[in-house]
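The values are calculated or read from the model by the stated rules, or taken from the named source; none is laboratory data. Since the structure is predicted, the reported quantities are computational estimates derived from the model, not experimental observations. Here the Cβ positions follow ideal geometry from the backbone for every residue, glycine too, while neighbour counts run over all protein chains shown. These accessible areas exclude ligands, DNA and RNA; they are computed on the full protein's heavy atoms, side chains included. Shrake-Rupley method; radii C 1.70, N 1.55, O 1.52, S 1.80 Å.
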Amino acid sequence: MEAIMPELPEVETTLRGIAPHITHKTLSRVVIRQPKLRWPIPEDLSETLSGQTVQSCRRRAKYLLIEWETGVLLIHLGMSGSLRIFREKQPAPDKHDHVDFIFADNTLLRYHDPRRFGAVLWLPGVAEHHELLRHLGPEPLSEDFTAEYLHERLRGKKRAVKLMLMDNALVVGVGNIYANESLFRAGILPDRAAQSIDLADCKRLVLAVKQILQRAIATGGSTLRDFVDSEGKSGYFQQEYKVYGRAGECCKVCGGLIEKSVLGQRGTFYCTHCQK
């Protein structure tokens, strides 16, 4: 079964859920129950952060960045992670609740990750100088992601357009689900060579990416397996999928059958009538 992990809309939903509850608040302590995630959690994280105040919270690609006076806490949700906010009622941790950030007003930010493929890292200084962030492309919802930019980057490339769209060096955060849905909306087959995508195609595709991601964020992202937001609620964008996960079902636009192939080891869904 293909791994499903939080993509940009799920991370943005998480950001919007936690930021109002922790920004400008002072941390009392960090409780680390399981330090062995994708990379080890720094042993001295509680000592580093205790007494510091959250300056701001933001997202870069699929990374959550919590900024403090002396550096940045980078959190990645991995394949199954989530962040929950608790205020008055704070349940006892279960075996997958690996880290608690406890603030002076008793607000609790809890990191939950059954598969332990996420990350909680401390980055002194400027986050964008870190190796994980240094080579990332533009944000898909920013003004930097334009049809002209995409057309130039696809020029001369023989790779499938879907694989290019999922390349974080070209544009960040367009994971498998939203690449499938965006290409369907733009009417472009996912296996077309990138160099065959003309400027008119790029205009439709950039618009589709932005519309799909904005709609996914508005509906709280997709919940296919583990993802919940900061209040423990599931997203419901999966109810609006046109192609993803619908192989063998009827296309909601033309009535033809949705087909599936594999590109870059990822399930790829499309309609040969609606996409060319």
Exposure ranking of Trp39, Trp68 by accessible area [1.4 Å probe, largest first]
Trp39, Trp68
For the stretch 60-153, take every pair of Cα atoms, bin their distances at 10 Å starting from 0, and report each bin as a whole percent.
14, 35, 31, 15, 5, 0
Quick one: net charge around Glu259, please, counting Lys, Arg +1 and Asp, Glu -1 for every other residue with C-beta under 12 Å from its C-beta.
0
For Lys260, give me every one of the aspartates and glutamates with a C-alpha distance below 15 angstrom, ignoring sequence neighbours fewer than eight places off in its own chain.
Glu2, Glu181, Asp191, Glu249
Starting from 0 in steps of 10 Å, tell me what percent of the Cα-Cα pairs of the stretch 168-216 lands in each bin.
25, 63, 12
When only alpha-carbon atoms are used, what values of Rg and Dmax, in angstrom, describe the stretch 147-271?
14.6, 46
Nearest 20 debye, what's the magnitude of the dipole of the chain about its Cα centre given +1 on Lys and Arg Cβ and -1 on Asp and Glu Cβ?
800 debye
Cα-Cα longer than 31 Å, checked against Lys62/Lys203; Lys95/Lys210; Lys25/Lys203; Lys157/Lys242; Lys36/Lys62; Lys95/Lys162, kept in input order, equals Lys95/Lys210; Lys25/Lys203; Lys95/Lys162
Which residues qualify? For Arg60, with a placed amide H closer than 5 Å and at least 5 residues away or on another chain, they are Leu65
Just subtract the alpha-carbon distance of Cys250 and Asp144 from 0.36 nm times their residue separation and send over the number in nm, one decimal.
34.6 nm
Please list, by residue number, everything in the stretch 141-161 whose backbone N is under 20 Å from a paramagnetic label point 7 Å out along Cα→Cβ of Asp191.
157-161
Determine how large the accessible area of Ile18 is when every protein chain is in place; take a 1.4 Å probe and give Å² rounded to the nearest 10.
0 Å²
Run the Debye formula on the Cα coordinates of the stretch 8-129, all scatterers equal and no solvent, and tell me log10 I(q)/I(0) at q = 0.15, 0.17, 0.19, 0.21 1/Å.
-0.61, -0.81, -1.05, -1.35
Need one value: the accessible area of Tyr241 in square angstrom, 1.4 angstrom probe, rounded to the nearest 10.
10 Å²
What's the extension gain from Lys89 to Val126 if we count 0.36 nm per residue and subtract their Cα-Cα distance?
9.8 nm
Skipping prolines and chain starts, which residues have an amide H placed within reach, meaning under 5 Å, of the one on Val99, given they are 5 or more residues away or on another chain?
Arg33, Tyr111
Taking 2.2 N^0.38 Å as the expected size of a compact globular protein, what ratio does the Cα radius of gyration of the chain give against it, to two decimals?
1.06
